[in-house]
Structure formats: C-alpha cells, structure tokens
1. Binning at 5 Å from 0, report for region 61-144 what percent of all alpha-carbon pair distances ends up in each bin.
2. Convex hull over the alpha-carbon atoms of region 9-168: what's its volume per residue in Å³?
3. State in Å² the accessible area per residue of the chain; use a 1.4 Å probe, count heavy atoms of protein chains only, and round to the nearest integer.
4. With a Cα-only, solvent-free Debye model of region 1-104, what are the log10 I(q)/I(0) values at q = 0.24 Å⁻¹?
5. Considering only protein heavy atoms and a probe of 1.4 Å, how much of the accessible area of region 148-295 is carbon and sulfur, as a whole percent?
6. Would you look at the GNM of the chain, springs on alpha carbons closer than 10 Å, and say which of ILE282, ILE19, ILE225 moves the most?
7. Can you give the relative contact order of the chain as a percent, counting alpha carbon pairs under 8 Å and 6+ residues apart?
8. Express the carbon and sulfur contribution to the solvent-accessible surface of region 3-136 as a percent, rounded to the nearest whole number, probe 1.4 angstrom.
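The values are calculated or read from the model by the stated rules, or taken from the named source; none is laboratory data. Bear in mind that the values here come from a model prediction, so they are computed numbers and not experimental data. We place every Cβ from the backbone using ideal geometry, glycine too, and count neighbours over all the protein chains shown. We work out accessible area using only protein heavy atoms, side chains counted, and drop any ligands, DNA or RNA first. Shrake-Rupley method; radii C 1.70, N 1.55, O 1.52, S 1.80 Å.
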Amino acid sequence: MKNKALLSLGISMLIFGTIGIFRKYIPFPSGFIAFSRGAIGFCFILLFLAVRKKGFSFQECKKSFLPLCVSGALMGFNWILLFEAYNYTGVAEATLCYYMAPVFVMVASPFLFGEKLGAKKIICIISAVSGMVLVSGILENGFSGKGEAKGILLGIGAALLYASVVILNKKIPDVPHFEKTAIQLGTAAAVLLPYTLFAEDFGSIDFEPLGVIMLAAVGIVHTGIAYVMYFGSISRLPSQTAAIFSYIDPLSAILLSAVMLGEEITLSVFCGAVLILGSAFISETKFKKSCEKEL
C-alpha cells in the first residue's frame, strides 16, 4: 500500500513538472488557459467523487466556504501569472521563481502564525534570495534580453499568490481534500470567466487542434488526474515524505525543458536552482539521527 502511494505521488509530481512544456504549445491567452484548467479540473473532481459514489459533502466545507473561495480565486490568478511567465522566460527559470513560494511563507510565518524565525530559516531565506538573483541573470545581463525581467517578475508574482493560498489553507480547519480542491477549482473558473471575456481578446482565439488537445491535457491530466493521485497518496504517507517528493516537480521541469525544448541551463541557473531548492528542502525537512529513529 505504501509503495503504491509513493508511486502515485511520484507520478503526480512528474505530471506537475511538465505543465510548463505543455504551456509552450498552447497558443491561447493565459487567462483562458487558467479558466479552462479550473473548469475542467472541477468537473473531473466531481466526476471522480460520483464514480466513487461518495458524493460532494458540502456540509463539511460550509464553515470554511468563504476562505476556500478566496484561496480559489488567488489560485486562478496565480496560474495566469505563471502561464505568462512561461511566455517571457524559460520553463526552468519560471519554475524556480515559482518555487520561491515556500520562502515567502517562511518569511510571513512569524507575523501570521507566531512561528520563530531561527538561524536555519534565516540562512535558508538569504540563500534562496541569492539563488533567485542568479536565476534572474541580473548579474550577467542586467535586465536585457528575451524579456527575462518581465518573466522573472511574473514568476515571483505567481509565487507570492501561491504563498497566499498556502497561508490561507493553513488557517482553514480540516476539510476533505477533494471537496476543498473542487471548491477552489470551481471558484477559480468562476472568477476567471469574466476576466477572460472582458480582459482578453477571446474572439480572436484560433482553436487549432494541437492547442485544444494540449489544453484538454492540462485540464484533465495536469489538474484532474494529477490532483486525484496527489491527494489520494499524501493521506497515506508521512508529511515529510510528501515534502521530499514534491521536489520531483521542479527538477523534472528543469531537466525536461532542457531535453524537450532545448533550453540552455547555464551555470548561474544551475547554481541558483541548487540554492533555491536546497533552501526550501532544508527549511521543510527535519533531520533525525539514525539512533533516534531506531529508538
């Protein structure tokens, strides 16, 4: 059972890691992609619950409905910024910017949750920020070349919004995973629909076959199936194991962007990746001595 959960978690993380590559082949506005992802994912989760004959338990979500809707709206706009970041910079750079989210949560924790910001976390924050500077390429090129500045800022903006979602979820009492996800995805779609209709040139979208197939994959595979696999596995695994496996996502995104898109992983990006992902990993991981484990 545990091995099956580990396999399921690993596959879901690999799926999440490929979303940037799929985005590169979808010629639609980012708002429309984000709306479609939320709408398709919402329908998939409801279908999954119906097939399991479990049904949607709104009663368990009633007290937390408003914060869940707020977090869903933030999630939707977070997707827009991330998808836009992929347009202006490489998948590796945008993904690493996005993985600054745990650092932002770490910085906010003392003010919102009264958590102590110890020496280890301070060092991790400094290390992650240093890594972000390396990934941005500012030291080498300034803010010139292939829209890097805009892409980096959009990626950081997406990370800030995602950090807000994480913080809101920490304040939400225990709510069943699938019900929580369904409400968030549904809210994201509902909020993004008017944005897509009025802020984007919806009428000029050319629904060519490849783009439609890729968009459907993002909604069904990267959202519906991946979320079901993710939430179905983390409930059967220790939280630290889930945290460690989550790093399959950015690592696979970086490697696959190099192999499939031919993106160059420079020394600065590589060093920045080590600093950012290493800092997030160390800050979230509690190391124990082997003797303590045996006891």
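1. Percent of pairs per bin, in order: 3, 12, 15, 18, 17, 16, 11, 5, 2, 1, 0.
2. Values: hull volume 23.3 nm³, N = 160.
Once divided by residue count, the hull of region 9-168 is 145 Å³.
3. Working: 14680 Å² over 295 residues.
Result: 50 Å² of accessible area for each residue.
4. Each listed q maps to, in turn, -1.31.
5. Numbers: 5190 of 7630 Å².
Looking at region 148-295 in its full context, I get 68 percent from C and S.
6. For the chain, modelled as a Gaussian network with Cα springs under 10 Å, the answer is ILE282.
7. Relative contact order here is 42 percent.
8. Details: 4200 of 5880 Å².
Its accessible area is 72 percent carbon and sulfur atoms.
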